[in-house]
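Enquirer: One structure is given below, represented as structure tokens, and several questions about it will come after.
The values are calculated or read from the model by the stated rules, or taken from the named source; none is laboratory data. The structure displayed is predicted, hence computed values, not measured ones. Here the Cβ is made from the backbone with ideal geometry for all residues, glycine too, and neighbour counts use every protein chain on show.
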Amino acid sequence: MDFLTNLLLGTLAEGSWRADAWAVFPNHYHLIIRSSVSSRPLSKVLGKVHMLSSKEINREDGVEGRKIWFNYRDTHLTFENSHLARLHYVIHNPVHHGLVRCAAQYPWCSAAWFERNSSPAFRETVRSFPLDRLQIEDDF
């Protein structure tokens, strides 16, 4: 999990993507990211993550050529409320999956980082967005 989280965040940074929120699990991950004019295409960045992580997982398991990743979905968030609601969702995701009581306790997500680096007013704004209205495919 450490390897995948570090690979994901490092490769995003190399590709000039800024991570606003992340949650990494054994079988999937969620990201809220921002591009810039210098950002590499997202498909290339995630392709690199998937290739390198697949090689490492297969090496650790003593398997060759096994497919690890099957797809990814992306959504272009154009409305601030959509961004804030999904930010809340991703930060809260380890709690949603029943892994921890407080998201900041989960080491492979941005919740603790968010607590340290955002203002109390912004944290409260993000938390004010209800999670029950979002329709996000999230099988765990």
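Enquirer: Check the range 4-11 and report whether any residue there is surrounded by 12 or more Cβ atoms within 10 Å (Cβ to Cβ), modelled with pLDDT of 95 or more and of a type in the set (Ser, Thr, Tyr).
Expert: Checking the range 4-11: at least one residue is surrounded by 12 or more Cβ atoms within 10 Å (Cβ to Cβ), modelled with pLDDT of 95 or more and of a type in the set (Ser, Thr, Tyr).
Enquirer: Taking the range 74-94, which residues are surrounded by 14 or more Cβ atoms within 10 Å (Cβ to Cβ), within 17 Å of residue 124 (Cβ to Cβ) and more than 13 Å from the chain's Cα centre (by Cα)?
Expert: 83, 84, 85
Enquirer: On the basis of being under 18 Å from residue 113 (Cα atoms) and either exposed (fewer than 14 other Cβ atoms within 10 Å of the Cβ) or touching a Phe, Trp or Tyr at 6+ places or on another chain (Cβ under 7 Å) (or both), does residue 61 make the cut?
Expert: Judged against the criteria, residue 61 is not a match.
Enquirer: Let me ask something else about it. With the structure loaded, tell me whether residue 100 is β-branched (Val, Ile, Thr), assigned to a helix (DSSP H, G or I) and either farther than 20 Å from residue 2 by Cβ or more than 14 Å from the chain's Cα centre (by Cα) (or both) or whether it fails that test. Give the steps one after another, and end with the answer.
Expert: Numbers: β-branched (Val, Ile, Thr): yes; assigned to a helix (DSSP H, G or I): no; either farther than 20 Å from residue 2 by Cβ or more than 14 Å from the chain's Cα centre (by Cα) (or both): yes.
For residue 100, the condition - β-branched (Val, Ile, Thr), assigned to a helix (DSSP H, G or I) and either farther than 20 Å from residue 2 by Cβ or more than 14 Å from the chain's Cα centre (by Cα) (or both) - is not met.
Enquirer: For residues that are free of Cβ contacts under 8 Å to residues at least 40 places away in the same chain and either part of a helix (DSSP H, G or I) or within 25 Å of residue 85 (Cβ to Cβ) (or both), tally how many sit in the range 33-58.
Expert: The qualifying residues number 18.
Let's see how each residue does on (1) at pLDDT below 95; (2) out of contact with any Ser or Thr (no Cβ under 8 Å at 6 or more places or on another chain); (3) among the hydrophobic types (A, V, I, L, M, F, W, C):
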position	(1), (2), (3)
28	yes, yes, no
33	no, yes, yes
74	yes, yes, no
129	yes, yes, yes
133	yes, yes, no
140	yes, yes, yes
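Enquirer: Out of the residues in the range 115-134 that are outside any helix (DSSP H, G or I), of a type in the set (Ser, Thr, Tyr) and surrounded by 10 or more Cβ atoms within 10 Å (Cβ to Cβ), state the one that is farthest from the chain's Cα centre (by Cα).
Expert: 128
Enquirer: Determine, yes or no, whether residue 112 is of a type in the set (A, V, I, L, M) and surrounded by fewer than 10 Cβ atoms within 10 Å (Cβ to Cβ).
Expert: no
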